[in-house]
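Here is the structure we will look at, set down as structure tokens.
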Amino acid sequence: MGFLASLILMFWVGWVNSYLYRKFLRKRNKDWIVFLAIISISGFWIFDSLIYFEIFDMTWLNFLPWVNIPMVDGGKYFMWNSFIVLGLDFGITHQAGMEIIAFFLLISYLFWYYFGSKLGKIFHGYRTYQQGHYMIIRPVKKYIKDREKRNLKEHKE
Amino acid sequence: MSKLILIDGAKGHTGTFLIREILKTKNNWKIIASDLPSVRRKEVMSKETIFSSKLKYMEEVLQNERVEFIPADLTEPESLEPLFKDKKYDLIFHTASLYDYFASLDILRKINVEGIRNLLEIIYKSQDLETLRFIHWSTCGVYGEPKYKKDNIGYPIPADETTPYNPPNNYSISKMEQEKVLKEYCEKYKLKTIIIRSAPIIGPYQHYGTFHIFQIVNKSGVGPGIHIYPKKKRLAMPLIHVVDLVRAATFLAENDKAIGEVYNMIIDPCFQEDFFEYVADLLDVDYFNFPIWWPFYKFMSSTLFWLAKRKEKKARKLNSRPPVDLSMAGYMKHQYLFSNEKIKKLGFKFKFLDYKSTSKDTIDWYIKNGWLESEN
């Protein structure tokens, strides 16, 4: 997926997972927050490593006229030039010693996922009844409708 | 000594606590309690049912044998007659008021200002003004945001009871006008009055006003950890526990030195940032520090206030109420810092003097009674 794109995606996946957890998964099992993190991060690690070590061959993308991934070290080229599919080719070629940087970038997925899920938690809430800071921008019409529904339910009880 | 006392607004939050306090501590006091008839109360006090229909005040105190309930409406003078017929009161606690930030100034004036005028008129005609004491509930809101004197480090010094009126919202305007009517009667007929200016009330059973703060923090799941810099700009959190408020009322009612005086009822000064951190702790929600420079904070709070204003406008269009009444959002923009020294000097001892004991008692009660949403 490319290192840079993966970092952004990790953040975004963390954000979305925190919403899915609060809205659908927490009521089933509170540990889903951990399961989601393990699934997402390891998924990205495995997928990106397979590309980096050219087990997945990304040169098939060369059918796109603006993509030109070299046949040698194509996986590494793809990983270092994240947005090549979008036509943004930085032309970064793999050099000796870059493995260490690649390793630290892969490790940093953890941080970006955590950062996204933490901000997601603030925005969406954590427990089933919470709404996070989304409450601030929540449309009044929706709030009033929910309140009327709840009052009616309470009245019946 | 046995006393006959009248408490109006007896079905309200403060009214019910006042009755409970008197039943507990004053064995010889006979209570005539009054409030709107149930149907009319439902109409006027929409704030009590609209946010949640299951939250109720402690109305069971009205069932006590020492309490006689007589319904009356302050806006209808003839309905007040049964309250005063063949009765000579020693004390009147005027807690009745429309405390609603969403209500229009016209309605607030009709109930709060015309209401007290009707009440005082019948008191003047039927009661012995030599012996009667009239304890009136007002609000620190009548001061608005005063021009504070500053201490050595530039932090504002709490404003005392001599601070001039500068009410920031319709409710406070109506309370200011109420005080003026009272002062008029006081001067004209030598009515013995005591005015209590209360900070926002918290405590068990409270479900409008500060309750919304706890509800929002609980529902959002994150305590707002805003730390304003420079520190001298930090905003205060004015609060008073309902138990102390009613204790102070009975204390002042029996104190000769209090007659003709005004007293602020507020806990010792505390900062909003400390209060919110503690509340987040008690509610077991996240809290993160967010240091912010004062001009940025002003911009941010003004934006949020603007958002709240839009929501209120939209809610009015939909013939309903917004999640938070606009004037409550005003607390994040202004410095409301008031002194409780005067009542302390008179010898009153607070049971809940700081924000920790005040909020802990309240939140523990909410949690125990399931008034705040939880997963249980």
Search result, residues across the stretch A:136-157 that are closer than 17 Å to B:Ser220 by Cβ, at the interface with chain B (Cβ under 9 Å from one of its Cβ atoms) and exposed (fewer than 10 other Cβ atoms within 10 Å of the Cβ): A:Ile137
Suppose we keep only residues that are β-branched (Val, Ile, Thr) and touching a residue at least 12 places away in the same chain (Cβ under 8 Å) within the stretch B:300-350. Which one would you say is surrounded by the most Cβ atoms within 10 Å (Cβ to Cβ)? B:Ile343
Selection from the stretch B:15-32 of residues of a type outside the set (Ser, Thr, Tyr), surrounded by 14 or more Cβ atoms within 10 Å (Cβ to Cβ) and out of contact with any Lys or Arg (no Cβ under 8 Å at 6 or more places or on another chain) yields B:Gly15, B:Phe17, B:Leu18, B:Ile19, B:Arg20, B:Ile22
Of residues in the stretch B:64-91 being touching a residue at least 12 places away in the same chain (Cβ under 8 Å) and among the hydroxyl-bearing types (Ser, Thr, Tyr), the one nearest to B:Ile111 (Cα to Cα): B:Thr75
Where a residue in the stretch B:214-231 is away from chain A (no Cβ under 12 Å) and farther than 9 Å from A:Gln130 by Cα and its partner, wherever it lies, is crowded, with 21+ Cβ neighbours inside 10 Å and among the β-branched types (Val, Ile, Thr), with Cβ under 9 Å and at least six apart: B:Phe214/B:Ile202; B:Phe214/B:Val279; B:Phe214/B:Thr362; B:Phe214/B:Ile363
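Residue check: is A:Ile84 within 14 Å of chain B (Cβ to nearest Cβ), of a type outside the set (D, E, K, R) and not in a loop (DSSP other than H, G, I, E, B)?
Numbers: within 14 Å of chain B (Cβ to nearest Cβ): no; of a type outside the set (D, E, K, R): yes; not in a loop (DSSP other than H, G, I, E, B): yes.
Answer is no for this residue.
So that you can scan it fast, the table gives a plain yes or no per residue for (1) under 25 Å from the mean Cα position of the chain (by Cα); (2) crowded, with 17+ Cβ neighbours inside 10 Å; (3) more than 14 Å from chain A (Cβ to nearest Cβ); (4) at pLDDT 95 or above:
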| site | (1), (2), (3), (4) |
| --- | --- |
| B:Glu48 | yes, yes, no, no |
| B:Phe51 | yes, yes, no, no |
| B:Lys56 | yes, no, no, no |
| B:Glu60 | yes, no, yes, no |
| B:Val67 | yes, yes, yes, yes |
| B:Ala72 | yes, yes, yes, yes |
| B:Glu81 | no, no, yes, yes |
| B:Lys85 | no, no, yes, no |
| B:His94 | yes, yes, yes, yes |
Please tell me if A:Tyr114 is within 14 Å of another protein chain (Cβ to nearest Cβ), crowded, with 18+ Cβ neighbours inside 10 Å, touching a residue at least 40 places away in the same chain (Cβ under 8 Å) and touching a helix residue (DSSP H, G or I) at 6+ places or on another chain (Cβ under 7 Å). no
Cβ-Cβ distance below 7 Å, separation of 6 or more or different chains: which pairs start in the stretch A:127-141 with a residue that is more than 24 Å from B:Glu375 (Cα to Cα) and end on one that is charged (D, E, K, R) and surrounded by 18 or more Cβ atoms within 10 Å (Cβ to Cβ)? A:Val140/B:Lys311
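The values are calculated or read from the model by the stated rules, or taken from the named source; none is laboratory data. Owing to the predicted nature of the structure, the values given are computational and were not obtained by experimental measurement. Cβ sites come from the backbone with ideal geometry, for glycine too, and all protein chains shown count toward neighbours.
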